[in-house]
Amino acid sequence: MDANLWDTIKSGIKNHVPAHSYRMWIEPIGLGGCQDNQVELTCANAFSQKRIQEHYGSLIRSEIEKQTGHPLDIRFAVSEKQSTVTPVARTRTPKPSVFARERQMELPQVATRLLSGRMLRKDYTFDRFVVGQNSDFAYSAALSLAAKKGGSLKTLFLSSHTGMGKSHLSQAVGHHILHKSPGERIYYVTAEDFTNEMVGALRSGGMDTFKEKYRTQCDVLLMEDVHFLTGKDRTQQELAMTLDYLFEADKKIIFSGAALPADIPKLNDQLRSRLSSGLVSPIEKPDFQTRLRILKSRCRENSVDMPMRVMEFLAGELEDNVRQLESGLIGVTAKHSLLGTPMDIELAESVVKNIVCRKRQITVEGIKLMVCKEFGVSPEDIVSKSRKQNFVRSRQMGIYLSRKYTDQSIQAIGRSFNRYHATAIHAINAVEKGIREKTAVGRQCEVLQKKIESGDL
Ligand SMILES: Nc1ncnc2c1ncn2[C@@H]1O[C@H](COP(=O)(O)OP(=O)(O)OP(=O)(O)O)[C@@H](O)[C@H]1O
């Protein structure tokens, strides 16, 4: 086989995969060499190699057989040359040592401390992310942003409901970049951290240092929970300016949030357009097969010998998000090992019951009534225009709990409480703050959550 034939084979593969997947995975594969019945294909890095092998191996094999008229023994290797926007060199011989050096699995077994912001969780790496149709695009984009030096993709916005892997992918980018270029200055912060830091700087007269830090001393910015910025005008202005500096200097930025930039209310136009200036990628709910693969992968990692039917049961029942799925796995393994209960469907059922806590039967109306009773307000008061403190508190609590325990969108919940989307987000933020700061509101919320979870609604 020569380079021309390999190009023909790739053209054949192009007809069978989506355009973005072709560009991302197939196009960069090089022909390393071909001898007798053996062909060596080179991939940009260890991640691509693993992914290509798992997802496209059989397609590549069958296309090669179609074009050459006979099956060939294929070996996927890692090219010495790093991934770039152009296809990798065709003839370079891969070195096993490069593969060993690039594997994220060899990261030290501690969370990674960064120059600024939060620590990266050691387990949030690309290796541990199970790709499904729901996250294929987001994964490819994050990997591309992390792996390509000088690539055109510099800014990525990941958006999803809770527990779908936004933090996991953002941090995987951080790990990947740090692993390859340990000198890179990566800042991993939430929008709230950024806001608090800025407010602190304003109070202490340290704004110049703050600006300098984010504008000129940061190579990669990973910012989570961008929806938190709703209505925070001063922070929005400062962030928009910071982004201009980072864009100008060609730095990499990943945002994540519970809503797409276009749907975050009370965001000024400057910031909104900057947030959407790169690639915007939603992550959807994983389907049954992906949930099952996530469970299998977690069981393998933790050497848990879970019967297939139990995994299928968990994957079938715990469909809201991956965090919930992980919680099911932890519940089953903990009960099994601590109490010696056999790992069977009965055990899985008991665990699932606690997790889903009748979620499907919990409605916004049910929550509204419970909150009204708790706060001593009427169903009319809670949806009224009144800003009396007790009404506001009960309304915010109702909105927060509805978001947590029902599948309704923020918009729909807002409507049920006679409020705009922006007010609903504000309400959720207010209760979350109360929980974090352990205020009376936070404590009251915990009591109500316990009630809901024990089925007392
Ligand atoms: N596709 C996936 N493969 C493997 N694990 C996943 C995947 N998606 C999510 N997870 C795991 O699920 C858990 C929740 O993911 P993560 O914290 O990234 O979600 P999130 O979208 O950032 O949620 P939130 O909006 O609540 O912060 C983590 O333990 C993460 O490792």
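The values are calculated or read from the model by the stated rules, or taken from the named source; none is laboratory data. Computed from a prediction, not measured in an experiment: that's the story for all the values here. Counting neighbours? That spans all protein chains shown, and the Cβs are built from the backbone with ideal geometry, glycine included. When the accessible area is computed, the model is the full protein with side chains, heavy atoms only, and any ligands, DNA or RNA have been set aside. Shrake-Rupley method; radii C 1.70, N 1.55, O 1.52, S 1.80 Å.
Taking Ala412 as the residue in question, decide whether it is aliphatic (A, V, I, L, M) and either in contact (Cβ under 8 Å) with a residue 12 or more places away in the chain or surrounded by 14 or more Cβ atoms within 10 Å (Cβ to Cβ) (or both).
On the way: aliphatic (A, V, I, L, M): yes; either in contact (Cβ under 8 Å) with a residue 12 or more places away in the chain or surrounded by 14 or more Cβ atoms within 10 Å (Cβ to Cβ) (or both): yes.
So Ala412 fits the description; yes.
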*So which residues in the stretch 116-130 are within 14 Å of the ligand (Cβ to nearest atom) and either among the polar types (S, T, N, Q) or open to solvent by less than 10 Å² (accessible area, probe 1.4 Å) (or both)?*
Leu120, Thr125, Phe126
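Here is a list: Glu349, Glu374. Which entry is acidic (Asp, Glu) and in the same structural domain as Ala315 (by TED's automatic domain parsing)?
Numbers: Glu374 fails: in the same structural domain as Ala315 (by TED's automatic domain parsing).
Step by step, each of Glu349, Glu374 is checked, and only Glu349 is acidic (Asp, Glu) and in the same structural domain as Ala315 (by TED's automatic domain parsing).
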*Which ones in the stretch 269-303 are surrounded by fewer than 15 Cβ atoms within 10 Å (Cβ to Cβ), away from the ligand (no atom under 16 Å from the Cβ) and on the phi < 0 side of the Ramachandran plot?*
Asp269, Ser273
*Among the residues of the stretch 434-452, write down those that are open to solvent by 100 Å² or more (accessible area, probe 1.4 Å) and in a helix (DSSP H, G or I).*
Arg436, Arg443, Lys450
*Residues within the stretch 185-214 that are open to solvent by 40 Å² or more (accessible area, probe 1.4 Å), assigned to a helix (DSSP H, G or I) and of a type in the set (Gly, Ala, Ser), tallied*: 1
*When you go through (1) touching a helix residue (DSSP H, G or I) at 6+ places or on another chain (Cβ under 9 Å); (2) free of Cβ contacts under 8 Å to residues at least 40 places away in the same chain one by one for Lys213, which number turns out not to apply?*
(2)
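With the requirement that a residue be within 23 Å of the chain's Cα centre (by Cα), of a type outside the set (Asp, Glu) and either farther than 15 Å from Lys353 by Cβ or more than 13 Å from the ligand (Cβ to nearest atom) (or both), what does the stretch 312-324 give you? So that I can check it myself, show each step before the final result.
Here is the first cut: in the stretch 312-324, the residues within 23 Å of the chain's Cα centre (by Cα) are 314-324.
From what's left, of a type outside the set (Asp, Glu): 314-316, 318, 321-324.
Across the stretch 312-324, the qualifying residues are Leu314, Ala315, Gly316, Asn321, Val322, Arg323.
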*May I ask you to list pairs of residues, at least six apart or on different chains, whose Cβ atoms are under 6 Å apart, with the first in the stretch 119-133 being among the β-branched types (Val, Ile, Thr) and the second being more than 10 Å from the ligand (Cβ to nearest atom) and open to solvent by less than 50 Å² (accessible area, probe 1.4 Å)?*
Thr125/Gln104; Thr125/His175
*asked:* Looking at Met370 and the list (1) modelled with pLDDT under 95; (2) open to solvent by less than 60 Å² (accessible area, probe 1.4 Å); (3) under 27 Å from the mean Cα position of the chain (by Cα); (4) within 22 Å of Gln408 (Cα to Cα), which single condition is not satisfied?
replied: (3)
_Qualifying residues in the stretch 112-147 (those that are outside any helix (DSSP H, G or I), under 21 Å from Gly163 (Cβ atoms) and aliphatic (A, V, I, L, M)) - the one modelled with the lowest pLDDT_ = Met119
_Anything in the stretch 66-93 that is at pLDDT 50 or above, within 36 Å of the chain's Cα centre (by Cα) and open to solvent by 30 Å² or more (accessible area, probe 1.4 Å)? List them, or say none._
Arg75, Glu80
